[in-house]
Amino acid sequence: MFFIAILLFTAFTLSGIAAYYSIVGLIAIFSGAPIPIAVMGASLEVAKLVTASWLYRNWKDSPKALKYYFTVAVVILMLITSLGIFGYLSKAHIDQTSGTSELIAKVAIYDDKIKVAEENINSFRRQLKQLDEAVEQVLARSTTEQGAARSMAIRNAQQRDRNTLAKEIETNQKIIATLREESSPLRSEIRKVEAEVGPLKYIAELIYGEEAKNHLDSAVRFVIILLVLVFDPLAVLMVIATNYNISKLRKQPEVKIDIPINMTAMGPIAMNKDEIEKATKISRVE
């Protein structure tokens, strides 16, 4: 009886949790009428368990039409509960990752600006390199002092351009530093969310291998479906198992033991083991 009580308590607990998740999920789907959805969901959950118990106890004696309708109703209610749980868990995942999508979009803007600044720096450095090559070509064509003086003259003529390019490089480097500093808090928030969904990445890698990065949502759906398959169906089956154990307990034969004991005014007369075995009669009442 103690095990039956534990089984029944676990079944009702699991069913209650499943009902809560399902109702919250259904409210998320039909957000325009939260209270009616909650009342409807709670009543259907209770009706589902009662119907499942009634079906098990009256399967052989109930009319076929009633029996089959109740069976279909229980299965449909299990599907509705499972869909509600699926909606609840899906919404939780979306709420977790929706903020990340916005952060990623903002960080992408910063990355684009940083990329532009880096391209500007590379362009300015190429221009400086071209100026250096012009001076080196003059030196390479002449080995006299006039050639060296001419190269110095060219370099002096380039000085204004060199200073301008150096300032532009420095300005863009400061822009990159500022952009990275401004985007640092956003990147930190993204890393926190990625740490929270880290286990899902490993699950995705287990299922999809190298393409796991592009199938994270599919991995989430896979995990949710596994939870749904063992949530409400398990609760209903545990209620049926409780009914089975109760029926089995009631069918056990009772044992009646008749032990004639010689009584005196002072109480029962002491009997040895052999006398008790001879005097004991065990009969089973079917």
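Residues are listed down the side, and each one gets a yes or a no for (1) over 15 Å from Thr81 (Cβ atoms); (2) free of Cβ contacts under 8 Å to residues at least 60 places away in the same chain; (3) assigned to a helix (DSSP H, G or I):
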| residue | (1), (2), (3) |
| --- | --- |
| Ile4 | yes, no, yes |
| Gly25 | no, no, yes |
| Ala28 | no, no, yes |
| Ser31 | yes, yes, no |
| Met40 | no, yes, yes |
| Ser43 | no, yes, yes |
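For the range 59-72, the condition of being touching a residue at least 40 places away in the same chain (Cβ under 8 Å), assigned by TED's automatic domain parsing to the domain that holds Thr164 and touching a helix residue (DSSP H, G or I) at 6+ places or on another chain (Cβ under 9 Å) holds for none of the residues. Suppose the filter is free of Cβ contacts under 8 Å to residues at least 60 places away in the same chain, part of a helix (DSSP H, G or I) and either in contact with a helix residue (DSSP H, G or I) (Cβ under 6 Å, 6 or more places away or on another chain) or at positive phi (or both); does Leu186 pass it? So Leu186 does not fit the description; no. Please tell me if Lys91 is modelled with pLDDT of 85 or more and not in a loop (DSSP other than H, G, I, E, B). So Lys91 does not fit the description; no.
When residues in the range 149-187 are screened for being over 19 Å from Glu118 (Cα atoms), surrounded by 14 or more Cβ atoms within 10 Å (Cβ to Cβ) and of a type in the set (A, V, I, L, M), 2 of them pass.
The values are calculated or read from the model by the stated rules, or taken from the named source; none is laboratory data. Just so you know, these numbers come straight off a predicted model, no measurement behind them. Note that we place each Cβ from the backbone using ideal geometry, even for glycine, and neighbour counts take in every protein chain shown.
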